[in-house]
Structure formats: structure tokens, C-alpha cells
Amino acid sequence: MSVGKSIHHDSAIGHVTGSSLFVDDRAKHKNEIYVGVIGAPICAGAINRIEYSDVLKMDGVFGVYTAKDVPHNNWGTIVPEQPILAFEKIGYIDEPVCLIACRDEETFNKVKKYVVIVVKEAKPLLTIDDAIAAKSFLCTANPFVRGDIEGGLKNAKHLLKGAFVCGGQEHFYMESQATVAYPLENGQIEIHSSSQHPTETQHVVAHTLGLDYSQVVCIVKRMGGGFGGKESQAAHFAAMAGLVAFKLNRPARVALTKDDDMMMTGKRHPFKNFYEAGFDDDGKITALKVSIYANGGAYVDLTPSILDRAMFHVDGCYYLESCYIEGKAVRTNQHSNTAFRGFGGPQGNMTIESIIEDMAFYLKKDAYELRLLNLYGIDDRNITPYNQTIEHNVLPEIFEKLHMSSDYSKRKKEIESFNSKKSGKLRGLSMTGVKFGIAFTTKFLNQGNALVNVHLDGTIQVSTGATEMGQGVNTKMKQIAAFAFGIPHESVVLMPTSTEKNHNTSPTAASSGTDINGGAVLKACELIMQTLRWVFHHQQNSGIVYDGIKEMPPVDPKADLTHIEFIDGNVIDKKTNKTMVFKDLLKIVYLNQFSLAGYAFYKTPDLGFDKTTHEGRAFNYFTNGAAVSEVEIDEYTGELKVLRCDILMDLGRPINPGIDIGQVTGAFIQGMGWVTTENLFYHENGKLLSHSPTTYKIPNIQDTPRIFNVELLENHTNTRNVVKSKAVGEPPLLLGSSVWTAVKNALSFRSKDKLPHITSPATNEVILMELARYE
């Protein structure tokens, strides 16, 4: 059986040998144009004029394009307010203002300095506090309310107030934003883009150029990483390539450098969350009020949906008896922040984990005891603040198993002993959890389609709306199709994602790429299998030889032929024990003029959360997990090392355990980087200074835990998803917060009576400054 096996990633050999093709690897056409992007010199103000007449006279320059050259200049996934090229008003520094069509990149680098953007500068809003003071808001969400929150806080035995602050994060995908646009006959255009959302890219390019959607095809073979950064913002740069290709009727290429990509594109949203937490002597939360503020940047982008998911995840793994959770997003003069793995969930979840860590310090108790006490229950205490009942809750099992397998209690005592010796090093230990809701919170996005073509030699081509960005979704699609037909996975090929084969697709995001597209693949396979069973049944049991001359009856969709199974390359009737080789049956099907193709549509069932009444199901199910992290701090330098991490994840019945474990480890390390080293540093004028690998610190191999244990919980109860699997892409990232809370735990050994108060990321400087506060 293909499902449940750790087969290698379908691009593994290509990646290792360097033969995998990415967008900028596409062979350059003889008449191809290189499109360079010029950004705004300030972060707030007005564009008076753009001077480029001298540039047009230079060798190798074929045109300069500004907003005036764009037929339809506004775009946006939710609100179409963001310009393709800034016009009159500047939203943020380095915002794309004009394009230079050049012979090559070398020419662009020579001539770009001669473009002069004359501006009138205005005072920018650069922080959440600035925007709150100016009442500069992008959107406001309806609050989640349960119980008497004011009474609960007033009557609480203990009360903590504060603010949790976390910074943004650069996606740092290996392949920067890249698109090649090819003009075709009859005004059509073909777009090859590094995009998580081919349909949006198709639509934005078409709208920008004033074309019909049917005149634009977007193709995505693969991405060199995405992490959410290519969900909406890839369309922006595709439109630029499309504009130049359309204007000059020549192929056009946009391929940003890493520096330009980091300066021009949005990041994970920074958050500042104010809270009041009431609790009893045991550490049970009796009331919680949280006011979330997200920095949306200059434009709306996906911020309202990200704000929603942050609110959905403020409860974390813990039941809130009485709560009030509200959220607002502010508009600032920073790059338009966007989707990033977790999509607001990490910022919400980390808030409550920080609060519980502080409660434990306040009560002089072990934070694990408080987490266990507040966990969602199985038969009661199992309804979220948004009124969804948690089914098949395995959180108590996960926490208790991980507590045992990680030797938590023993190590806790060892750390206390180690820290008492005051050797110049501090250690800390913390366990945090994740309960991540799986589904798009925008209902209509929970849909997908798939095309499956079965060839007469027994091999299969599968096309879906899912996009491969290294996460292994194509490998899982391959396994699902092979599982359905009972054939080797080597016989299945995943085709590049293309809007002409799979239209109106949703982005590969929300951790649901495999769920939605895998569901569609399985349905498409079942349509073909119904035909195969019908033909097999008549060929074997009718007594008539159907040789392609005598007409076979049409397929009866009501016929129950499920006793005919597909196993190891054979078709077997379990009632009669009659058998036929799969490939032989295909020839009979073809000769009798039945289709060997299947197209299927899938939508996630039973979803329908009303954001006004807070009724209906918000998520299809929850992916759960927990992590125990141990850290060591150098008290003289603030240097942080992660000594050990133990993770236990509930991924249902994994389609590919090897890929899933890779996703768990990778997501955790990315989350760990967000909360420790990845500091976005800005000049006082708003310019991003940490815009390259030399100034922006992502984790490297030496930053990974010295001991790293990952285990998957066996759980076959998730009947709500394809082959009982669970999504894996985003949930483990939230466990990176265990490193940050472990830092807080370590600091508590030196803070005396002061509550450890650090922001995220907990860089060496942040840690050192906090230690200095205790002196």
C-alpha cells in the first residue's frame, strides 16, 4: 500500500543533482526582456514626478513603465487597494514605483541610478503604538465573548496584566519572487510564476492588462520555498512581467535579488497583545481578556484573515471558562505584511503560552502543572471560545506521554541544581502545545479539483490545483492515486499546476493543500475505478466476450461493485476470486469506448462559521502536538543554545511519515528562529536594514537542538479527512515558542521577585538586557 510509506520526495533526486528547474532556470529566449523594479526612496509622502528621459536613450533599455502605463493599477486579495506601481501616494519605502525593460540584469544595474523619483516626504507611522495613537486602523474583528468577563476579572483570586510583543519574520525562501511571461497569439499570455496561488496570479495579471481570465494561463512547476510569502504577493510581480511582455510583445522576466525581495515584500505580522488574566490558587484560568493589535503595514493584503486566525488561536490548548478576545489591525508605513506559515496562529497561541509561564512564576509552581490543569477536556470543558466542540481530543494524552518520554520531572530537578551553582550559565525547561484549526477561515476557499488521466500502459498523470514548494504535496498526491488503483507509486506522475487544467483553485495554504486536493484526487480516481469495476464485472461474469465490437452496457452509477478491489497491479473480485492484470483491463475499457479520465471537485464538508453570531463550524478538525525544549544561556553574553527538544505530534494516519517528520522538524526550527534570532531591524526612516543573509539571522545547523526527538502519535480517528490523515505544514511551527518560554523559565532563576519580561525574538541582546535588569 502506497499510503503510510516513507517514499522519497518526488523532486529529491533533482534537488540533490541540481537538475530541478525553477522559474529563473528557464532558458532565456533570444528576444527576452529583463524587467528591473525601482522602489520608492521614502516610506510616506507623495510622488511629484518621475524623471527617466535620459534612461530611455541608454543602450539596452527598451522602455520605462510607471503607473500611468498600467491599464488597471490596483490589486488586492481581499480589498483591491494596493497599486501595482505606486502612483501619487507612497505607502512604504522600496514600494515598486517603476519598471525598466532592459536587455539583461547587468544593463539594469548600470542604468537604474539615473531614474529620479521626486517626492514630498510626510511623517510616517512605523510602529503599532504610533498607529494606535493616530487611530490608523486597517480592520476590526468581531470579538469572541464567553461568560461575564468583567465580573470574572474583578472577582479573580489573582490577576496579571501586561502586553505580549512579538516581531515579524522574513520568509527567506531560497527562490526569490520570479515570473517569466510569454505573449502568445490572439492577445493571450502565458505566465510561469513562483506562486502558491496560480488562480490569483492569473486573475491579477488579466485584470492588470485588461484581459479576460481565459486569455491568461498561469503555470507553476514548483517553488524554491514559499511559506506564505507567495500566496498573494507573487501575483504583484507576475503582473509586472506581464505588463512588459504585453507592451513589447516579447517574453519578459522578473527575478528579484534577495535584497530587493526582502525590501519590497511583506513579512509575518508583528503583534502587540494586551491582556488581563484572572486565575485561582491552583493556576486555573478563570477569566481572560486579550486585545490583539496586528501591524498590517501599508495595505490590507490578507490581514483581516490573519487577524481572525490569531483570535481563533488565543485559547491555545486551554479551556477558557470566561473570555473576551478582540482584535484590530493597524495601518503603518511598512511593507504590506502578508501570509506566513501559521497565518496569525503563532502570534495568538504564543500569547497564552507566555501568560501561563508568567502565572507559574507568580504562583511559584511548575508551568507544566498549570498547562495540564487548563487543558481542554475530553467529555467536558471541550468547547472553544468560538463554540466549536473539540472531537477526539488527544491533548491530555499528548501532554502526559511527552512528559514521561522527555523525562521532564527529572530534568527539571537537574536544571534547578545546575542553576543553583551559578556557573555563568543558566538553563531553562518548558513545554508548550498546539491545537491548530485546519481549514481556510474564509469558507469558499475550502474547495479544489483534480484531473486524473489513466494511460493504457498502466501509468497515470495527475493534475491538481496544489502547488509544490518543497513540502511534498505532489508526493502525497502520487501516493493517494497509487493507493486508489493499487499500483506502484512510480507509475504516477504529477503534472505542473496549470490554470487551464485546474481552474478557480484555492491557494496552497492553511495547511490544507493535501486535504483539499487529495480529496479531489481520490474522488477522481473513484470515478475511474467505478468504470473499471463495471467493465471488469461484465467481462468476467456476463458470459459475453466484449471485444470492442459488441456494445457493453453503460456504467450504472448505483451498482455496488466495491467487492472488486485493486491490489498490487491486479484487479480482484473478492466474491469470485477472479483476477485480471490492471493493464489488461485498461485495454478492454478503451476498446469498449469508456473514458479513462476522471475530473472531480471536492469541498470540505460541514464548514460554515458565522463571524457575527459565532455559530457554525470554523475548522474541519485540529492538528495537535506538544514540545519540551531545554535551553542554556550564557549570562555574560546572552548567547542562547537549544540543548534538547522533544516533540510529539498527532498527524492522524500519515500519508508519508518521512515527509511529515521532515515538516515537523523544519517547521519547529523555523518557529524557533522567529522567537530567537530572526530580528527585522529598521532604520529610523523606516528602511529595512536587515535585508540579506549577512544581516538577517535564520537558524543554521549549529542552532538546531543538540538532541532532537520527534515522534508521531498513532491516531486513526480522523474520518473527516482523506485517508484519515491530518495536516502538518503549519501546526509544528507554533511549538517553536517552547524555546522562548524556556528562556523565560531560565531567566526566572535570576529575576528574584521580578516577572521575567522579554519580547520576541529573544535575541542575545534582549536576553542580556533582561539579565541586566535584575542587577
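Electrostatic bookkeeping for Tyr213 treats Lys and Arg as +1 and Asp and Glu as -1; over the other residues with beta carbon under 14 Å from its beta carbon, the sum is -4. Computed from Cα atoms alone, the Kirkwood hydrodynamic radius reported for region 23-178 is 19.8 Å.
Answer rounded, prolate or oblate for region 12-88, using the Cα gyration tensor with square roots of eigenvalues a ≥ b ≥ c: rounded when a/c is under 1.5, else prolate when a/b is larger than b/c, else oblate.
Oblate.
From helices alone, the chain scores -8500 deg cm²/dmol at 222 nm; the rule is -39500 (n - 2.57) for each run of n ≥ 4 DSSP H residues, then divide by the residue total.
With no solvent and one point on each alpha carbon, what is the Debye value of log10 I(q)/I(0) for region 155-198 at q = 0.34 Å⁻¹? Values, matching the q order: -1.19.
Pair-distance distribution P(r) for region 165-239, from all Cα-Cα distances in 10 Å bins starting at 0: 21, 49, 21, 7, 2, 0 percent. Reducing region 652-672 and region 143-182 to their Cα centroids gives an inter-centroid distance of 23 Å. Expressed to the nearest 5 percent, the antiparallel share of DSSP beta bridges inside region 233-340 is 50 percent. For region 323-388, trypsin sites (Lys or Arg not before Pro) meeting the loop criterion (DSSP other than H, G, I, E, B) and having at most 14 other Cβ atoms within 10 Å: Lys364. Per the Cα gyration tensor, region 207-357 maps to an equivalent ellipsoid with semi-axes of 41, 14, 13 Å, ordered largest to smallest.
Any idea how far apart Thr613 and Thr694 come out in nm if each label point goes 7 Å out from Cα toward Cβ? Placing both labels 7 Å beyond Cα along the Cβ direction yields 6.0 nm.
Pairs of C-alpha atoms in region 372-441 farther apart than 16 Å represent 61 percent of all such pairs.
Potential lengthening of the chain between Met58 and Tyr362 amounts to 102.6 nm, from the contour at 0.36 nm per residue minus the alpha-carbon distance. Our summary gives region 448-499 a relative contact order of 37 percent, counting only alpha carbon pairs under 8 angstrom and 6 or more residues apart.
Ordering Tyr299, Cys166, Asn764 by Cα displacement along the dipole of the chain toward the positive end leaves Asn764 in first place; charges were set at the Cβ atoms of Lys, Arg (+1) and Asp, Glu (-1).
For region 366-521, the spherically averaged projection of the C-alpha convex hull amounts to 14.5 nm².
Distance between the 7 Å Cα→Cβ label points at Ser6 and Lys154: 5.8 nm.
Taking max minus min of the alpha-carbon positions on each principal axis, region 459-603 gives extents of 51, 27, 24 Å, largest first. Over region 629-744, the pair-distance histogram of Cα-Cα distances with 5 Å bins from zero comes to 2, 11, 18, 19, 15, 13, 10, 7, 4, 2, 0 percent, rounded to whole numbers.
Shown is the FRET efficiency for His455 and Lys724, computed with R0 = 45 Å from the Cβ-Cβ distance and rounded to the nearest 0.05: 0.95. Report for region 73-220 the percent antiparallel among DSSP-assigned beta bridges with both residues inside it, nearest 5. Close to 65 percent.
Taking label positions 7 Å along the Cα-Cβ direction at both Arg773 and Ser409, the computed distance is 3.4 nm, reported to one decimal.
Pick out, in residue order, every one of the GluC sites (Glu not before Pro) in region 633-726 that is DSSP loop and has at most 13 other C-beta atoms within 10 Å; say none if there are none. Don't skip to the answer; put the middle values down first.
Values: sites: Glu635, Glu639, Glu678, Glu684, Glu711, Glu714; in loops: Glu635, Glu639, Glu678, Glu684, Glu714.
Loop-located and lightly packed - Glu639, Glu684, Glu714.
Sequence-distant contacts, meaning Cα pairs under 8 Å at least 6 residues apart, place the relative contact order of the chain at 15 percent. With 0.36 nm allotted per residue and the present C-alpha distance subtracted, the His716-Glu565 stretch has 52.2 nm of extension available. Each Lys or Arg adds one and each Asp or Glu takes one away; over the other residues whose Cβ falls under 10 Å from the Cβ of Lys726, this sums to 0. Percent antiparallel among DSSP beta bridges with both residues in region 405-495, to the nearest 5? Percent antiparallel among DSSP bridges in region 405-495 is about 60. Ordered from largest to smallest accessible area (heavy atoms of protein chains, 1.4 Å probe), the residues Val16, Val628, Val555 come out as Val16, Val555, Val628. Loop-located trypsin sites (Lys or Arg not before Pro) in region 662-741 (DSSP state other than H, G, I, E, B) with a sparse environment of at most 14 neighbouring Cβ atoms within 10 Å: Arg706.
Using the Cβ atoms and a cut-off under 12 Å, what net charge is assigned to the surroundings of Asn349, where Lys and Arg are +1 and Asp and Glu are -1? Summing Lys and Arg as +1 and Asp and Glu as -1 gives -1. Entry note, region 601-675: relative contact order of 20 percent, from Cα contacts under 8 Å with a spacing of 6+ residues.
When Rg/Rh (Cα atoms, Kirkwood Rh) is calculated for this entry, the matching label among (i) 1.38; (ii) 1.08; (iii) 1.00 is (iii). Region 565-608 and region 445-479 have Cα centres separated by 17 Å. Packing, as the average of other Cβ atoms within 10 Å across residues, places the peptides 54-61, 758-765 in the order 758-765, 54-61, highest first. Maximal additional length on extending the Lys28-Leu527 stretch stands at 175.5 nm, based on 0.36 nm per residue less the C-alpha distance. At an R0 of 30 angstrom, the distance between the Cβ atoms of Glu500 and Thr257 translates into a FRET efficiency of 0.45.
The values are calculated or read from the model by the stated rules, or taken from the named source; none is laboratory data. It should be emphasised that the depicted structure is a prediction, and the values quoted were computed from it without experimental measurement. Because the Cβ atoms are built from the backbone with ideal geometry, glycine has one as well, and the counts that use them run over all protein chains shown. Heads up: the accessible areas ignore ligands, DNA and RNA and are worked out on the full protein's heavy atoms, side chains in. Shrake-Rupley method; radii C 1.70, N 1.55, O 1.52, S 1.80 Å.
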